[in-house]
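Read through the structure below, which is laid out as structure tokens, and then see the notes.
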Amino acid sequence: MHLLLRTLLRLFLSRRRSRGSLWGESSLPLRVLLTDLDVARHINNGMYFSLMDLGRFDLMVRSGTWDRMRARKWYPVVSAETIAFRKSLTLGQRYSIETRIAGVDDRAIYFEQRMVSGGEIHARAYIATRLVNRTGRPISNEEIFAEVGPPPADLVLPEWLHSWRQANALPGANRPAVHSWLVSGKPQGRR
């Protein structure tokens with residue numbers, strides 16, 4: 001909820017920006033706001049992912065994909081994400097969120113996103129996403145590509161990214177995912 005107004009504003013403002021391709025790159029210029037900071041006076045580590053949502057929305061709106069998704073009542077969800085930090089972004093600093101699709105596999109569409117300031121990468125993230133309908137049913141890539149067009153032939157998902165998602169995946173929502181901390185093969189509880 002903390003970025004709800006900024007997200008709605010982004011959905012509106014991105015319609016006024018130049019059109020682009022879903023399979024191209026998007027660059028969204030921003031400035032670090034007071035609400036983005038933590039007690040160390042730089043962007044909070046959790047805020048990076050929230051801000052990167054704005055970059056993905058910008059790409060989807062400017063490519064026309066957002067309107068097609070909404071017409072079909074499809075919604076984007078994140079299934080996995082990872083980030084690496086290099087330099088802090090601080091109050092008032094100008095930066096851009098650079099966004100592109102890094103590839104696809106049979107279950108996800110992968111975005112690469114970078115926070116860039118002064119020509120330098122400050123943080124880089126990879127986000128595995130899916131589209132679901134109102135009931136939560138995942139939309140197949142075949143359905144998505146029929147609606148928005150297929151990915152370019154030269155868009156090849158790096159094997160490490162596919163392996164990363166598989167290694168970090170939890171069971172699907174219809175399968176059990178029982179919680180138990182194990183120490184030496186025995187369940188342990190807190191006392």
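The values are calculated or read from the model by the stated rules, or taken from the named source; none is laboratory data. All values derive from a computational prediction rather than experimental measurement. Note that each Cβ is placed from the backbone with ideal geometry, even for glycine, and that neighbours are counted across all protein chains shown.
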Residue pairs meeting the criteria (Cβ under 6 Å; at least 6 apart or on separate chains; first loosely packed, with under 14 Cβ neighbours inside 10 Å, in the stretch 13-38; second modelled with pLDDT of 95 or more and of a type in the set (Gly, Ala, Ser)): PRO29/SER96
List the number of the failed condition for ASN45; all other conditions in (1) over 21 Å from LEU9 (Cα atoms); (2) crowded, with 16+ Cβ neighbours inside 10 Å hold. (2)
Hey, could you check the stretch 117-136 for residues that are surrounded by 13 or more Cβ atoms within 10 Å (Cβ to Cβ), polar (S, T, N, Q) and under 15 Å from MET69 (Cα atoms) and say which is farthest from the chain's Cα centre (by Cα)? ASN133
Condition first: in contact (Cβ under 8 Å) with a residue 12 or more places away in the chain, under 19 Å from SER26 (Cα atoms), within 11 Å of the chain's Cα centre (by Cα) and outside any loop (DSSP other than H, G, I, E, B). Can you find one or more residues in the stretch 83-92 that meet it? yes
With respect to GLY103, is the statement that it is of a type outside the set (A, V, I, L, M, F, W, C), at pLDDT 95 or above and surrounded by 17 or more Cβ atoms within 10 Å (Cβ to Cβ) true? yes
Picking from GLU147, GLU98, which residue would you name as being in contact with a helix residue (DSSP H, G or I) (Cβ under 6 Å, 6 or more places away or on another chain) and either over 20 Å from LEU8 (Cβ atoms) or loosely packed, with under 15 Cβ neighbours inside 10 Å (or both)? GLU147
Using beta carbons and a limit of 7 Å, which pairs, at least six apart or on different chains, have the first residue in the stretch 60-79 and touching a residue at least 12 places away in the same chain (Cβ under 8 Å) and under 17 Å from ARG10 (Cα atoms) and the second one small (Gly, Ala, Ser) and surrounded by 15 or more Cβ atoms within 10 Å (Cβ to Cβ)? VAL61/SER14; ARG62/SER14; ARG62/GLY20; ARG62/SER26; SER63/GLY20; SER63/SER21
State all residues of the stretch 96-109 that are of a type in the set (Lys, Arg) and outside any strand (DSSP E or B); if no residue qualifies, say none. ARG107
Please work out which one of (1) modelled with pLDDT under 90; (2) aliphatic (A, V, I, L, M); (3) farther than 30 Å from GLN166 by Cβ is the condition LEU3 fails and give its number. (3)
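Yes/no matrix, rows are residues, columns are (1) closer than 30 Å to ALA173 by Cα; (2) small (Gly, Ala, Ser); (3) within 16 Å of the chain's Cα centre (by Cα):
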| position | (1), (2), (3) |
| --- | --- |
| ARG17 | no, no, no |
| LEU30 | no, no, no |
| VAL39 | no, no, no |
| LEU59 | yes, no, yes |
| SER79 | yes, yes, yes |
Would you be able to tell me the number of residues in the stretch 80-126 that are of a type in the set (Gly, Ala, Ser), in contact with a Pro (Cβ under 9 Å, 6 or more places away or on another chain) and within 17 Å of SER50 (Cβ to Cβ)? 1
Elements of type strands (runs of 3 or more DSSP E) in the stretch 110-190, at least 1 residues being at pLDDT 95 or above and either closer than 18 Å to LEU59 by Cβ or of a type in the set (D, E, K, R) (or both): 120-132
